[in-house]
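**Student:** The structure's right below; bear with me while I get my questions together.
Each value in this text was obtained by applying a stated rule to the coordinates, not by laboratory testing. Everything numeric here is computed off the predicted structure, so don't read it as measured data.
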Amino acid sequence: MISNLQFLRAFASINVVYLHTLLGSESYGKSTNIFQTLGGWGANGVDIFFVISGFVMIYSHIQNPKKIYEFYISRLIRIVPVYWLITIFLATLYYLVPEIFKSFSFDLKKIISSLFFVSQIITSEFPVINVGWTLEWEILFYLIFGLSLYFKDIKKTIISIFFL
């Protein structure tokens with residue numbers, strides 16, 4: 001059953017990549033008319049991916065319960081190093097060779113808010129990595145989910161997630 005959900009999650013991810021490919025192509029003036037009929041799938045992919053991810057997190061917690069700090073550490077180790085590496089790489093590349101970026105600009109405030117997953121709150125803009133906006137929402141969900149682990153009973157955990 002879980003493997004089927006993982007396939008659906010992969011399908012959702014591919015749809016999101018497809019949408020971003022369309023948007024990126026359009027931003028460079030390339031025609032995407034022939035591909036637009038499937039463009040709506042990309043936006044749906046985000047929703048599908050988040051719902052499945054939430055289910056998988058609860059399912060994983062039932063199978064392998066973690067303490068709050070263990071949960072937070074595992075999420076940070078999984079996400080932060082790669083995200084920070086790519087963010088710092090892009091910032092460095094921008095400062096060294098800004099002409100390779102079509103319409104990209106940022107300052108120290110945007111870099112720092114991106115590194116701490118709060119760029120939309122602080123700057124009202126996307127983070128340095130544009131698609132990182134999804135990670136900012138995911139980090140918020142992780143914060144809520146981690147707080148809900150305070151309750152040992154899975155029913156209370158699920159109810160607290162809903163209310164938080």
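**Student:** As an exercise, find the ratio Rg/Rh for segment 22-153 from alpha-carbon atoms, using the Kirkwood inverse-distance average for Rh.
**Tutor:** 1.04
**Student:** Between 0 and 90 degrees, rounded to the nearest ten: what's the tilt of helix 133-148 against the longest Cα principal axis of the chain?
**Tutor:** Tilt relative to the chain: about 10 degrees.
**Student:** Moving on to the next point. Just report the Cα centroid separation between segment 80-101 and segment 103-164, whole Å.
**Tutor:** 21 Å
**Student:** Through the Karplus equation 6.51 cos²θ - 1.76 cosθ + 1.60, θ set to phi - 60°, convert the phi angles of segment 121-127 into ³J(HN,Hα) values in whole Hz; use x for Gly and Pro.
**Tutor:** 6, 7, 10, 6, 10, 5, x
**Student:** For segment 92-164, what class follows from the C-alpha gyration tensor (a ≥ b ≥ c being the square roots of its eigenvalues): rounded when a/c is under 1.5, otherwise prolate if a/b is larger than b/c, else oblate?
**Tutor:** prolate
**Student:** Could you give me the ³J(HN,Hα) list for segment 73-80, computed from phi with Karplus coefficients 6.51, -1.76, 1.60 and θ = phi - 60°, whole Hz, x at Gly and Pro?
**Tutor:** 4, 5, 5, 4, 5, 6, 9, 4
**Student:** Give the value in nm², to one decimal: projected area of the alpha carbon convex hull of segment 1-64, averaged over all directions.
**Tutor:** Orientation-averaged projected area of the Cα hull: 4.8 nm².
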